[in-house]
Amino acid sequence: MYLEIDFNSDQAFYVQLCNQIIIGIATSRLREGDTLPSVRQMAEEIGINMHTVNKAYSLLKQEGYIRLDRRSGAVVAVDADKRKALSEMKQELFVILAKGSCKNITRAEVHALIDEIYAEYGS
């Protein structure tokens with residue numbers, strides 16, 4: 001598994017790690033049942049603290065992207081609760097679209113961006 005942390009970014013390392021794993025799931029590079037590296041192994045591979053990886057894994061578990069198991073470690077397990085996911089997405093999009101509206105980004109431009117992003121996921 002190849003993940004890369006941008007050490008010059010203002011974004012927290014655990015957020016970068018979460019986002020890369022979520023993108024990996026969305027693009028099918030990571031699939032249901034795939035095992036992620038152990039906390040220690042992931043920390044060593046990408047050069048960050050174990051506590052940072054642990055925080056990322058905990059957040060991914062909380063959000064329903066992985067499950068944590070003593071024997072198998074972190075396993076991709078996408079939450080099947082679509083209604084909850086849609087509600088959360090709506091809340092996040094509301095703010096994102098408000099920001100875009102303030103910058104005069106049109107509905108057509110937003111739709112084009114969404115189509116572009118979904119094309120990357122193969123949907």
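The values are calculated or read from the model by the stated rules, or taken from the named source; none is laboratory data. Worth saying up front: this structure is predicted, and the values here are computed from it rather than measured. Positions of Cβ are backbone-derived with ideal geometry, glycine not excepted, and every protein chain shown enters the neighbour counts. Ligands, DNA and RNA are stripped out before the accessible areas are found, and what is left, the full protein with its side chains, is counted by its heavy atoms. Shrake-Rupley method; radii C 1.70, N 1.55, O 1.52, S 1.80 Å.
Overview of values
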| read-out | value |
| --- | --- |
| Inter-residue pairs, beta-carbon under 6 Å, first in contact (Cβ under 8 Å) with a residue 12 or more places away in the chain and in segment 99-123, second β-branched (Val, Ile, Thr) and surrounded by 10 or more Cβ atoms within 10 Å (Cβ to Cβ), 6+ apart | TYR121/THR27 |
| Test result for ASP79, outside any strand (DSSP E or B), open to solvent by 100 Å² or more (accessible area, probe 1.4 Å), on the phi < 0 side of the Ramachandran plot and acidic (Asp, Glu) | no |
| Residues located in segment 7-57, provided they are of a type in the set (Ser, Thr, Tyr) and exposed (fewer than 14 other Cβ atoms within 10 Å of the Cβ) | SER9, THR27, SER28 |
| Residue match in segment 96-103 (condition: among the hydrophobic types (A, V, I, L, M, F, W, C) and within 17 Å of the chain's Cα centre (by Cα)) | yes |
| Test result for SER72, within 22 Å of TYR2 (Cβ to Cβ), touching a strand residue (DSSP E or B) at 6+ places or on another chain (Cβ under 7 Å) and at pLDDT below 90 | yes |
| Selection within segment 58-76 - at positive phi and surrounded by fewer than 16 Cβ atoms within 10 Å (Cβ to Cβ) | GLY64 |
